[in-house]
Structure formats: structure tokens, C-alpha cells
Amino acid sequence: MMTTRIIGTGSALPAYTLTNDDLSKFLDTSDEWIRTRTGIRSRQLAGEGETAVTLAAEAGKKALEAGKTAPCEIQMVFVATCSSENYFPSVACRVQEALGLKNASALDLSAACSGFLFALHTAHAYIMSGYCDTALVIGTETLSRTIDWTDRSTCVLFGDGAGACVVKKDEEGILDVVQHSDGTRGDVLMASAESRPTPVSAARKGMPLQMDGQAVFRFAVKTVPECIQELMDKTGRSLEEIDHVVLHQANSRIIEAVAKRLHMPLEKFRMNLDRHGNTSAASIPILLDELNRNGTLHKGDLVLLSGFGAGLTWGSALLTW
Ligand code: UT7
């Protein structure tokens with residue numbers, strides 16, 4: 001059976017690291033609170049000259065090298081992001097320019113923290129439809145620029161970065177994907193853009209990221225296990241067969257609760273949020289790249305990816321490595 005395989009991974013993180021102790025110098029918070037409530041110890045923040053585009057291009061370049069794929073072989077570029085500095089052109093078009101992907105067409109997708117999962121599914125659907133054989137899928141975020149740095153309930157959580165995968169038509173790889181949205185719950189996690197005045201409407205001020213943390217927590221802990229179970233039923237595979245779970249890196253307590261609800265050993269749930277915080281659409285591909293490069297993932301391993309976030313959106317993918 002033909003499917004879509006991840007053949008190369010890459011990631012990029014900003015140079016600057018902000019620790020919990022750094023945060024407690026200008027915010028009423030502590031390393032102890034952040035560590036015990038979230039599992040996060042430090043995160044990277046984009047500095048001058050670092051953007052969603054530069055991080056995406058660096059991650060994409062590394063994924064191409066790792067996948068031994070020439071730029072001219074990429075036919076589609078999908079970039080998941082909700083923190084581009086431009087309405088247009090898309091980040092994907094900028095990445096196309098930066099990496100010389102002259103045979104590709106390029107587009108951005110917006111599904112917040114589920115973005116990479118949705119973009120991977122989109123690439124898979126393009127490949128399965130016969131439209132293309134090889135694509136670059138990237139999650140990139142600079143959410144630090146959307147955050148209110150006086151709001152301790154949100155600003156301690158997020159970090160910036162990008163992760164990328166080259167995907168290619170192959171006989172093994174993605175077994176199946178499920179994805180969902182619930183637009184009626186958009187208000188629990190949102191940020192809004194500024195708009196300029198027009199002859200018929202006033203200017204609108206932008207709003208930094210706002211979140212009902214407990215509502216998102218409850219949503220994740222209930223919905224993610226249900227979504228994973230739906231995928232297992234659809235593929236006919238069992239939870240015991242899974243070698244690695246790469247869950248969106250939002251909060252270690254969410255990951256622990258999901259493992260518990262699924263009666264799965266926590267050791268199978270890979271984590272790097274202690275070092276990077278929540279990098280939204282970039283969290284799954286950054287973690288995949290780390291696991292790929294440090295030798296954790298072996299050919300033939302069964303890997304479960306699962307994301308959730310604003311929208312609300314959520315989804316899971318099961319694949320053999
Ligand atoms: O990609 C998806 C994005 N979002 C998420 O995944 C978020 C999911 N939610 C969460 O991770 C958790 O709800 C949070 C980490 C955001 C908050 O943890 P919590 O255990 O739900 O804390 P809480 O909101 O119930 O707040 C408990 C206390 C409050 O003080 P009082 O009212 O009990 O006096 C907060 O004001 O902790 C206080 N607090 C803080 N204290 C020190 C909130 N943030 C901080 C902070 N440092 N940074």
C-alpha cells in the first residue's frame with residue numbers, strides 16, 4: 001500500500017534562552033511554581049532578526065539535508081504557523097525563496113498548536129491524491145511576540161522555534177490520521193490582530209494571547225485520549241504496540257494525565273518542554289527531530305503524534321518510522 005513517509009527532520013531554535021529565574025526577576029512568579037505546574041524550566045525567544053521565516057527556513061534546510069533531498073525535488077511546502085509577521089506573503093513562500101525550492105508551490109495553514117498535525121495530514125492527502133510525491137512540512141512560531149509579558153498566567157508557558165519534516169510517497173509511513181475542530185469554543189484561547197480604520201469602520205486594537213488555562217487543560221485531558229482511541233480503532237492497532245508518543249508539549253501535567261487515562265506507561269511519552277516550553281505548531285516537529293537525531297527512533301518503530309490547541313482544534317497521526 002502506498003502512503004507518506006517522513007524521510008528527514010530538522011529544527012531551529014532562537015539563540016536566546018530565558019529561564020524561570022530570569023522570569024521571576026520581572027514577574028511575580030517563581031521557578032518552583034512554573035516547574036511544578038507546567039514542567040517548564042526554560043524557553044527560547046526570538047531576538048532581533050529572528051522571525052517565523054528565518055526559523056522555518058533553518059529547520060527546513062536541515063530536514064532537506066537529513067532527508068538527502070535536493071531543493072528542486074520539493075513540490076509542495078506547507079507551513080503551519082499563527083505568528084507570521086506578515087499577512088502576506090505567506091511564510092511558506094518566503095521559505096520557498098530562502099531555500100530555492102523552485103519547483104514547489106507554497107501555502108500556510110493556521111490551526112494553532114494542532115497546526116503541524118493538520119499540515120502533515122494535508123501533505124499526506126496531496127500525496128495520496130497523486131498531486132505530488134515529495135513535500136516539506138514545517139511548524140514555526142514566534143508566539144513570544146503575541147504574548148502580554150505582564151500576564152504571568154500565559155507568558156511563562158510559551159517559547160519560539162521551528163521544526164520541519166520532508167515527506168515522500170513510500171510503501172510505509174503514515175497509517176492514518178484523525179483531526180477535529182470545535183469552533184464554538186474559540187474564546188478559550190485567542191489572540192487578535194490589529195486593523196486600520198476604513199471609511200466605514202473604526203480601527204481595531206490587537207489583543208495579546210488570552211487563555212482560560214483551566215478550560216484548555218480540561219479540554220486536552222478529555223479530548224486527546226478520546227482522539228487517540230479513535231485513531232487506534234480506525235487503524236486496528238493497539239496502544240501496547242506504540243513505541244513513542246509525541247504529544248504537543250504544552251504542560252507535563254497534561255501529558256501525565258493523558259498517559260494515565262490511556263493506561264500507558266509515561267516513559268513512552270517523549271518530552272522536551274522542560275527546555276523549550278510550548279512552541280505551539282513547532283512543538284511536535286522539534287521533538288520528532290530531537291528524537292530522530294539522538295537515536296531514540298528506529299526504523300519500523302510505531303510512533304503516535306497528537307496535537308491540540310486554539311480553535312479549538314485537535315488531531316492524531318499514527319505512523320511507522
Ligand atoms: O497549546 C495549548 C496552550 N495552553 C495550554 O496547554 C494551557 C493548559 N493549562 C495549563 O497548563 C494550566 O491551567 C496553567 C499552567 C496555565 C495554570 O495552572 P493551574 O494549575 O491551572 O493554575 P491556576 O490557573 O488555577 O492558578 C493557580 C494560582 C492562581 O493564584 P490564586 O488565585 O490561587 O491565588 C494564579 O494566580 O496560581 C497563580 N498563578 C501563578 N503563580 C505564580 C498563575 N500563574 C502563575 C505564575 N506564577 N506564573
Rounded to the nearest 500, the 222 nm mean residue ellipticity computed for the chain from DSSP H runs (n ≥ 4, each -39500 (n - 2.57)) alone is -9500 deg cm²/dmol
Out of the stretch 20-103, which trypsin sites (Lys or Arg not before Pro) are coil in DSSP terms and have no more than 14 other C-beta atoms within 10 Å? Lys25, Lys68, Lys102
With +1 assigned to the C-beta of every Lys and Arg and -1 to the C-beta of every Asp and Glu, and no other charges, what is the dipole magnitude of the chain about the Cα centre in debye, to the nearest 20? 160 debye
Alpha-carbon centroid distance for the pair the stretch 132-165 / the stretch 258-321, whole angstrom: 15 Å
Aspartates and glutamates within cross-link reach of Lys299: Cα-Cα under 15 Å, excluding same-chain residues under 8 positions apart? Asp170, Glu171, Glu172, Glu241, Asp243, Asp289
So which lysines pass the test for Lys61, namely a Cα distance under 21 Å, with those fewer than 8 places away in the same chain ruled out? Lys102, Lys168, Lys169
Yeah, the stretch 90-155 with a ≥ b ≥ c from its alpha-carbon gyration tensor (a/c under 1.5 is rounded, else prolate when a/b outruns b/c, oblate otherwise) is oblate
How about the stretch 6-66: which GluC sites (Glu not before Pro) there are in a DSSP loop, with at most 12 other Cβ atoms within 10 Å of their Cβ? Glu48
Using a 1.4 angstrom probe on heavy atoms only, work out the carbon and sulfur share of the accessible area of the stretch 140-291 in %. 49 percent
SASA check, Val200, accessible area w/ 1.4 Å probe, all protein chains in place, rounded to nearest 10 Å², comes out at 140 Å²
Nearest-5 percent of antiparallel DSSP beta bridges in the chain? 70 percent
Can you quote the Å³ per residue value for the convex hull of the Cα atoms in the stretch 237-321, rounded to an integer? 94 Å³
Give me the accessible area per residue for the chain, probe 1.4 Å, as a whole number in Å². 43 Å²
Stokes-Einstein diffusion coefficient for the stretch 143-240 at 4 °C in a medium of 1.567 mPa s, Rh from the Kirkwood formula over Cα pairs: what value in µm²/s? 74 µm²/s
Could you rank the peptides 285-291, 190-196, 12-18 by their average count of other C-beta atoms within 10 Å per residue, with the highest value first? 285-291, 12-18, 190-196
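The values are calculated or read from the model by the stated rules, or taken from the named source; none is laboratory data. Here the structure is a predicted model, which is why all the values come from computation and not from measurement. Reconstructed Cβ throughout: ideal geometry from the backbone, glycine too, with neighbour counts over all protein chains shown. Just so you know, the surface numbers come from the protein's heavy atoms only, side chains and all, with ligands and any DNA or RNA stripped out. Shrake-Rupley method; radii C 1.70, N 1.55, O 1.52, S 1.80 Å.
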